[in-house]
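Colleague: One structure, pasted below without further comment.
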Amino acid sequence: MGAIQNDMSLSGQPPVALNALQKIGTALGITGLTVLLLAAFNINLPENPIWFWIAFFAMITGVLVFTYGQYKGTEAGIKNDGVMFKAMTSRGFVAWVLGIALTVFYIILYWFPNLLGVVEGGKNTGVVSLFDPLSEKLTGGPSSQWFVYGVLYTLAILLFGIKFIWKYRHNRYEIIRTCSVMFFQLCFAFMIPNIMGALSMPSYDLKNIWPLNYDLFSGRLEEFTNFGSIGTIMLIFGLLSIFVITPILTYKYGKRWYCSWVCGCGGLAETAGDPYRHLSDKRMVAWKIERWVVHSVVVFVTVMTVAMVYSFIKNKESESIGPWNNFEKNIVFVSERDGTPLAERGKKAAEAGASRFIYVDREGNGDNISFENMGSIGIPFHIISYNENAQVIKQIEEGVQGTLLLAGAPRQEIVVEAETGGKVYDDVWLDKGLFIWLVVTLLTLVFGWAMIFRREQLAKDAKLAAISYFTILISLLLYNHLNNTGTLFLFPGYQLHKVYGFLIGAVFSGVIGVGFYPIFGSRVWCRFGCPMAAILGFQQRLFSRFRITTNGGQCISCGNCSTYCEMGIDVRAYAQKGENIVRSSCVGCGICSAVCPRGVLKLENGPLKNRINSNEILLGNDIDLMNYVNK
């Protein structure tokens with residue numbers, strides 16, 4: 001029997017001190033972290049491989065021993081005893097120290113990797129050097145800060161996943177779901193990309209889908225297209241993931257299939273972040289901020305992606321050059337020798353204000369091409385090799401200064417100033433113009449479908465925001481493209497990508513998203529900043545079979561469901577009315593159901609009809625439940 005409880009509080013007494021096994025586990029875990037900390041301060045540790053494995057096994061053993069000491073001899077069931085009293089889980093001093101430590105780690109990881117021991121072109125030192133032996137076995141090369149982060153991230157999900165399973169061992173759904181995120185993190189996010197890199201293939205996390213993987217259509221397009229059939233297959237899989245796999249699975253199962261079963265961000269939040277889930281802000285103002293911020297991030301990533309793809313796609317040369325172009329002293333690059341004669345295209349480019357006309361020899365057969373009458377076009381004409389100038393052409397196209405190496409002998413160079421800019425024309429089936437119209441069509445279809453068929457499910461401010469964003473985006477797209485300004489959204493694509501990577505990819509998802517676990521809860525990033533969660537949530541709300549059903553007659557209003565909802569949803573308000581929970585922010589983690597002592601909540605997939613039943617109230621005293629069941 002436990003200690004005598006002298007009050008009537010359902011929360012019980014403050015937690016007792018750590019038992020012997022928990023103390024041993026804590027000591028082992030601190031020992032492993034101390035080794036990493038000593039290495040971080042460049043304290044020379046002899047035989048690095050030995051110290052790495054000492055730290056590795058100390059942390060593993062520490063978490064497992066602590067977990068066993070915490071849950072051994074306890075009955076299966078809800079295990080959130082004392083979370084409101086512990087300094088670690090109630091925003092106490094320890095929580096703030098941990099939050100600051102995690103924040104500092106992420107700042108160093110993103111912007112000061114040299115402090116971790118990364119040495120470009122030399123032998124690593126510090127904590128990174130501890131991971132070199134493992135990196136050499138997996139990737140064939142020395143470690144980097146991202147390899148270190150990947151190892152620690154994966155280790156955290158695996159170890160705290162075991163702890164999570166032990167805690168929620170009474171719930172089959174939680175066990176299977178946690179095993180799923182552990183598998184996808186270990187295999188898809190860590191092992192497969194590292195093995196692909198070791199085989200000199202594009203390192204690609206197959207489960208990382210756009211827009212969460214915002215680099216898919218920006219920095220990696222050229223990498224995939226230049227890698228042959230394997231790169232093409234990866235790119236096709238990425239497109240299928242966005243336009244086929246994701247919509248089908250979200251329709252059938254809601255966003256939980258990704259956010260709670262596959263995603264690495266959600267995996268860390270559900271495992272390592274589990275002790276902090278009750279810290280999520282449940283206020284109405286937090287919900288309003290969430291809606292505006294997360295959907296603004298979706299608009300941002302869409303704008304950035306469209307701009308980056310636009311800069312990658314070429315113009316269709318034989319049909320696009322004409323007096324309607326406004327080149328404003330740009331350099332015009334062409335590469336297709338068939339179709340309209342080069343001299344004729346050069347004259348049209350000159351009429352449109354081009355400063356130079358350059359033929360790009362992509363196949364290395366420039367000697368076999370006729371360049372008759374090129375002296376009559378009125379502007380300088382040159383020939384360059386694509387293989388020697390590919391990167392420079394891209395820089396010039398984006399408005400960056402570059403130096404072109406001309407073909408022929410003697411070899412000459414042309415320095416192109418940043419303000420000059422360039423227009424590249426290839427014989428491609430998807431040119432800039434077609435791409436813009438495809439984007440406009442897609443955005444119009446999505447906007448029109450939501451406004452026509454789902455407008456009753458959108459709040460007034462959501463409708464106003466959608467109309468405003470749609471009008472601004474379409475206006476900018478069409479105005480800048482039709483007037484040939486060179487930028488679709490006022491800024492070049494690479495600048496938008498850089499800003500997005502800093503603000504969203506680093507500060508929001510890493511520094512705030514994980515560093516603030518002990519202060520704001522474990523799903524800050526998923527709730528306020530993740531564009532993937534927002535897009536999946538949009539479909540889950542408007543077009544999905546998933547819902548959480550409630551049995552209002554059984555609800556005792558204990559508040560466990562609302563307290564432990566990491567997305568800040570007031571689940572109890574729905575349960576008290578017997579109303580289905582269909583929220584775009586819900587990640588389907590099932591914790592609300594797992595902590596309910598009365599079995600009120602159930603995660604289900606069903607028909608779309610009557611999925612949102614805001615007027616239905618089931619109270620046992622008001623209706624004959626057996627008649628309702630027999631319907």
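The values are calculated or read from the model by the stated rules, or taken from the named source; none is laboratory data. A quick note: this is a predicted structure, and the numbers were derived from the prediction, not measured. Every residue, glycine among them, receives a Cβ derived from its backbone with ideal geometry; neighbour counts consider all protein chains shown. Areas reflect the complete protein model, heavy atoms only, side chains present, ligands, DNA and RNA absent. Shrake-Rupley method; radii C 1.70, N 1.55, O 1.52, S 1.80 Å.
Colleague: Ignoring any ligand, DNA or RNA, what whole percent of the accessible area of the chain comes from carbon and sulfur when the probe is 1.4 angstrom?
Modeller: Percent of accessible area from carbon and sulfur atoms in the chain: 63.
Colleague: Rounded to the nearest 0.05, what FRET efficiency is calculated for L445 and E328 with R0 set to 35 Å and r the Cβ-Cβ distance?
Modeller: 0.55
Colleague: Starting from 0.36 nm per residue, how many nanometres of slack lie between F453 and Y251 once their C-alpha separation is accounted for? Provide the component values of the computation, followed by the final result.
Modeller: On the way: separation 202, 0.36 × 202 = 72.72 nm, distance 1.62 nm.
71.1 nm is the gain from fully extending F453 to Y251.
Colleague: Semi-axes of the chain's equivalent ellipsoid from the Cα gyration tensor, sqrt of 5 times each eigenvalue, largest first, rounded to whole Å?
Modeller: Semi-axis lengths for the chain are 52, 33, 18 Å.
Colleague: Follow-up question, since we're still on this one. Taking amide hydrogens as modeled 1.01 Å from N in the peptide plane, which residues meet the under 5 Å criterion relative to V424, leaving out close sequence neighbours?
Modeller: Here N315, F333 satisfy the definition.
Colleague: At 7 Å along the Cα-to-beta-carbon direction for both F41 and F93, put a label point, then send me their distance in nm to one decimal.
Modeller: Computed distance between label sites F41 and F93 equals 2.1 nm.
Colleague: Straight distance only, please: which lysines reach the Cα of K79 with their own Cα at less than 24 Å, same-chain residues fewer than 8 apart left out?
Modeller: Output for K79: K23, K163, K167, K282, K602.
Colleague: Run the dipole for segment 411-473 about the Cα centre, Lys and Arg Cβ at +1, Asp and Glu Cβ at -1, nothing else charged, and hand back the magnitude in debye, nearest 20.
Modeller: Values: 7 positive and 8 negative charges, 103 e Å.
Computed about the Cα centre, the dipole is about 500 debye.
Colleague: At 7 Å along the Cα-to-beta-carbon direction for both W111 and F85, put a label point, then send me their distance in nm to one decimal.
Modeller: 4.1 nm
Colleague: Angle check, please: helix 284-312 long axis (alpha carbons) against the longest principal axis of the chain (alpha carbons), in degrees 0 to 90, nearest 10.
Modeller: 30 degrees
Colleague: Just going by the charge dipole of the chain, with Lys and Arg at +1 and Asp and Glu at -1 on Cβ, which of L98, G433, L130 is farthest out on the positive end?
Modeller: Sorting the options by dipole projection puts first L98.
Colleague: Rounded to the nearest 500, what is the 222 nm mean residue ellipticity of the chain from helices alone, with -39500 (n - 2.57) per DSSP H run of 4+ residues and division by all residues?
Modeller: Helix-only estimate at 222 nm: -14500 deg cm²/dmol.
Colleague: Oh, and also: Quick one: which of K252/K498; K394/K460; K255/K460; K72/K252 span more than 32 angstrom between C-alpha atoms?
Modeller: The answer is K252/K498; K394/K460; K72/K252.
Colleague: Under a 1.4 Å probe, what is the accessible area of the chain per residue, stated in Å²? List each step's numbers first, then the result.
Modeller: Working: 30900 Å² over 631 residues.
I get 49 Å² per residue for the chain.
Colleague: With θ set to phi - 60° and the Karplus curve 6.51 cos²θ - 1.76 cosθ + 1.60, what are the ³J(HN,Hα) couplings of segment 528-540 in order, to the nearest whole Hz, using x for Gly and Pro?
Modeller: For segment 528-540, the Karplus-derived couplings read 9, x, 7, x, 5, 4, 5, 5, 5, x, 4, 6, 4 Hz, x marking Gly and Pro.
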